[in-house]
Amino acid sequence: MEKTDIEIEESTAEQQGSTAPSIPFDILTFLRGLWRRRMILLGFFAVSLVAGYLAASLLGSREYRATALMLYDPPPMINDVDVSSQLSLHTLIDLIKSRETLNAIRERLKLSARIKTIAASISIELRRKTTLLEIKTSWEDAKIAANLANATYECFFEQLTSLQHKKRKQALQDIENRLTEVKDKLTLRDKELEKFTLDHHIVDLDIEAQSYLQQLVTMNIEYDRAVSHWDSLNKQLSTIDTMIEDFKRADKEESSASQSSSVTEANVKIGRLQEMISEEKTSRARLADLAVKKEDLKRAKKLRELDAISQSDYDKVIAEYKRTEALSHDSENIVGWKEKIKKLNQEVVPDSGSVSTFSGDMLRSVMLKKIDIQLEKAASKEEVKSLDTARQRVQKRLEQIPKVKQMYTERLRRIEALVRDRKTLQNMVASITRKLNSSQIPFRIVSRAIPPMFPKKSNRKIIFIGLVFLINALGVFLVIVLELLDFTIKSRGSLAAALPAPVLAVLPRLTRQEALLPGNQQPATHIKEYRRLALALRRRIPQQGHCILITAASHGVGTSTVSLNLAARLQLSGEKILIIDGHTQPPDEIDQAISVADFVEADPMTLKGLGDYLAADTMTAQNLPYPLLANRGSAIVCSHRVIIPEMLNSLRMRELIEKMKAHYSLILIDAPSLADTVDAECLSEYADAILFVVRSGKTNILQEKRCYSRLAHAKAPIIGTILTDVYKLYV
C-alpha cells in the first residue's frame, strides 16, 4: 500500500514538472503565504478598533434635519419672456442649489463651512405626481438646520427675481434695438417707394392702364384708316400710269394730223400759270401751318415737362407736327417729278410754234393729277409711320404697367410688413415695461422649517466602520504586497511552477538540528520522504555504477544533509553507496553546518581527502574512501587542500570516478553551490544525472532559474528537484 502511494505521488510530480507554467506563481502557495502573515492582519484589526473608537468619539457628530415645503404654481402666461415660463420645473430645482444661491446662503447665515459642505447638507425632493417641493437640510445644530432650509428658498427667490429682472431688461433692450432697426428700415422703404413712384410717374396705375387702352384702340383705328388710304393711292397711281401711256400714244397720232390754234395754246398757258399760282399758294400755306405746328410742339414739350398734359396728348402734337412737316417739304421724288413735268410741258405746250391736241391736254391733266396723288401718298406714308410709332409706344407702356404694378406692390407689402413688426414690437415693449418692476415668482411657501427637537442620526458608526475598514484594507494590501514581493520558493507548487524538473521530495522543517542527520533519532517524516526519494531515484536510474550530482544555487540549502540521508536510505535497501564531497574549499572555510567529514571513521589529523588525491600522484584511490558512521556506506571527504577547477577537469579525477563506479552501485557527489563557483558545472561532466536542491524561503526565484539554466547545459540531465526546510504550512 505504501508503494502505491509513492507511485501516485511520483506520477503527480512528473506531470507538474512537465506542464510547469511559464510564470513562477502558485495560487495555493500564495494563499498559504497570506495565512502565514495573519498576525499582521490581527495587529491591524486591533489597531483599527482602537483608532475607529477614538475617531468616532472625537470626530463624530449628531445630525438634525429640517424641512420646508414649497408649491410650484406658475401663472398662465402666453408669449412671455419670463424665466419661470421658459424653464422647466426640474431646471428650477437645479437652480436652487446653484453656486450663487449657496454663496448667498452662507453669507446670510454667516457660516464658515465650504460651499460643497452646504450643498451636501441640502437636498431637494419633488413629491410624486405633485408640484410640491421639499427642501430638506441636515446640520449639527437644530436651529442652523431650520435657518438653512428657510434661507435656501429665500435666497433662491431673490436669485430667481434677479434673474427675471435681468432677463426682462435684456429682452427689453433687444426689442428696443429691433424696434429701432425696424423703424430705420421703414423710413428707407418709404423713401424707396416715393422715388420709385416719381421715377415711373405713378398716380393710379389702373386708371392709367384704362386710358392707354382707349388710346391704343383709337390709334389702331386711325392706323388702319391711314393704311387703307395709302393702299388706295397706290392703286390710283397704277391706274394713272396706264392712262398716261395711252394718252402719249394718242397725242403722237393727233399731233401729226392737226395743229392747235393759238387760242387753245393761250388757254393752255393760262391754265398752266393758274396751276403754278395755286401750287405756290398751297406751298406757302403749308409752310405757315408748319410754323404754327412747330410753336404748338414747343409749348406741348414744356407742358409735358411740367406734367400738365398726358403722354397721349403730347404724342398727338408730335404726330401732327411730323405730318405738317412732311406735307410742307418736297421729297426728292417730288422734286424729280416736277422737273419731269417741266420738260413734258415744254414738249406738250412749246413756247412758240407748238400745236395743241386733245390727247396732249388730257395727258397734262392726268400727269398733274398724278403729281397730286404722289404728294398725297407721301403725306399718307408719313402719317402711317407716325401712327405706328405712337401705337407701339402706347403698347410698350401698356405692357410695362403690370411689371411696374408688381414692383410697386412688392415694395408696398414690405412697408406693410415692417409696419406690422413695428406695432408688434411696440406692444412687446409696453408689456415688458409693465412687468419689469414686477416680483412675481412661480412658487408659494406652504410651510416654513422649524428647529427639530431630536436628532435624526449620528455619523459615529459610519466613522468607526469606515476607519476600521480602511485600516484593515491597508493591512490586507500590505500583506498582499509583502507576499508578492517575496520572490522565494516556499512549497511544492511554487517549485514546480518555477523550475521545469519534477519535484521528487519535499522535506519539512525540523526544530532539532540533530534530527536532520541520518540515524535512529531521525523523525519518521524524514524517513518516509527519503524512502520515496530513494525509490524515485532508482526508478529513474536503474543501472548500477551511475554517478549522481547533488547541487544547489547557493550554499546552506542542505545538499550535504540530503546526500547523507539519501545514502543511508539506499544503503538500507542493499545498495553499496559512495559519497564524494565535491567542495573545493577546506571545511573550515566553508560556511556550512554539516560536512561529510563529520561522519567518517578516521582521525582528523590523518584524514586525506579529494584535494590530497588530486594533488599527489603517489596516492592510490583504494585508500581514499572512508567508512561512514551512520551506515555501512563510504565517503570521500573534502581535504584541507584547496582544489582549483583545473584539477576537477583532470584525467586523474576522471580515472577516480571510473574506478569508483566499478566498486559501488551508486555514487553521490555533494557539489558546491552554483552561484559562487563553477565547480559544480565541472563536476557535472562525470555525473549521469543531477539532483537540484532548493531550500524553502532561502533563495530568490530569479537566481534559482539562472543557476538552473546554467546547469541545464551540462551533459547530464536534471532528473528532479528536492525542496528542503519547508514550513509546516506549505507541506
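Of all residues in the range 35-61, those satisfying the criterion of being under 30 Å from residue 142 (Cα atoms) and modelled with pLDDT of 75 or more are 51, 52, 53, 54, 55, 56, 57, 58, 59.
The set of residues in the range 633-654 that are closer than 17 Å to residue 667 by Cα and either touching a strand residue (DSSP E or B) at 6+ places or on another chain (Cβ under 9 Å) or of a type in the set (S, T, N, Q) (or both) comprises 633, 634, 635, 636, 637, 638.
One line per residue, one yes/no per condition, for (1) out of contact with any Gly (no Cβ under 7 Å at 6 or more places or on another chain); (2) modelled with pLDDT of 80 or more; (3) among the β-branched types (Val, Ile, Thr); (4) more than 18 Å from residue 248 (Cβ to Cβ):
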residue: 344; (1), (2), (3), (4): yes, no, no, no
residue: 366; (1), (2), (3), (4): yes, no, yes, no
residue: 369; (1), (2), (3), (4): yes, no, no, no
residue: 376; (1), (2), (3), (4): yes, no, no, yes
residue: 394; (1), (2), (3), (4): yes, no, yes, yes
residue: 401; (1), (2), (3), (4): yes, no, yes, yes
residue: 406; (1), (2), (3), (4): yes, no, no, yes
residue: 413; (1), (2), (3), (4): yes, yes, no, yes
residue: 418; (1), (2), (3), (4): yes, yes, no, yes
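Considering the range 154-163, the residues that are surrounded by fewer than 22 Cβ atoms within 10 Å (Cβ to Cβ) and not aliphatic (A, V, I, L, M) include one that is farthest from the chain's Cα centre (by Cα), namely 154. Of the residues making up the range 559-569, just one is surrounded by fewer than 24 Cβ atoms within 10 Å (Cβ to Cβ) and touching a strand residue (DSSP E or B) at 6+ places or on another chain (Cβ under 6 Å), namely 562.
Those residues that are surrounded by 11 or more Cβ atoms within 10 Å (Cβ to Cβ) and over 13 Å from residue 477 (Cα atoms), I need them from the range 25-34; list them, please.
25, 26, 28, 29, 30, 31, 32, 33
Scanning the range 449-487 for residues that are touching a strand residue (DSSP E or B) at 6+ places or on another chain (Cβ under 6 Å), part of a loop (DSSP other than H, G, I, E, B) and more than 30 Å from residue 700 (Cα to Cα) yields 449, 452, 455, 456.
The residues in the range 50-61 that are within 51 Å of the chain's Cα centre (by Cα) and either hydrophobic (A, V, I, L, M, F, W, C) or surrounded by 16 or more Cβ atoms within 10 Å (Cβ to Cβ) (or both) can be counted, and the count is 6.
Return a yes/no flag: does the range 1-13 have any residue that is surrounded by fewer than 16 Cβ atoms within 10 Å (Cβ to Cβ), hydrophobic (A, V, I, L, M, F, W, C), assigned to a helix (DSSP H, G or I) and modelled with pLDDT of 50 or more.
Going residue by residue through the range 1-13, those that are surrounded by fewer than 16 Cβ atoms within 10 Å (Cβ to Cβ) are 1-5, 7-8, 11-12.
With hydrophobic (A, V, I, L, M, F, W, C) added as a condition, the list becomes 1, 8.
Those left that are additionally assigned to a helix (DSSP H, G or I): 8.
Pick out the ones that are also modelled with pLDDT of 50 or more and you get none.
Within the range 1-13, none of the residues are surrounded by fewer than 16 Cβ atoms within 10 Å (Cβ to Cβ), hydrophobic (A, V, I, L, M, F, W, C), assigned to a helix (DSSP H, G or I) and modelled with pLDDT of 50 or more.
Only one residue in 405, 396 is in contact (Cβ under 8 Å) with a residue 12 or more places away in the chain and among the basic types (Lys, Arg), so which one is that?
Values: 396 fails: in contact (Cβ under 8 Å) with a residue 12 or more places away in the chain.
Testing whether each residue is in contact (Cβ under 8 Å) with a residue 12 or more places away in the chain and among the basic types (Lys, Arg) leaves just 405.
Tell me, yes or no, whether the range 683-705 has at least one residue that is touching a Pro at 6+ places or on another chain (Cβ under 6 Å), within 30 Å of residue 33 (Cβ to Cβ) and β-branched (Val, Ile, Thr). Scanning the range 683-705, I find at least one residue that is touching a Pro at 6+ places or on another chain (Cβ under 6 Å), within 30 Å of residue 33 (Cβ to Cβ) and β-branched (Val, Ile, Thr), so the answer is yes. Residues in the range 47-62 that are more than 19 Å from residue 480 (Cα to Cα) and in a helix (DSSP H, G or I): 11 in all. Of all the criteria given as (1) modelled with pLDDT under 85; (2) out of contact with any Leu (no Cβ under 8 Å at 6 or more places or on another chain), the one not satisfied by residue 657 is (1).
The values are calculated or read from the model by the stated rules, or taken from the named source; none is laboratory data. Because the structure is predicted, anything quoted here is derived from the model rather than measured. Here the Cβ is made from the backbone with ideal geometry for all residues, glycine too, and neighbour counts use every protein chain on show.
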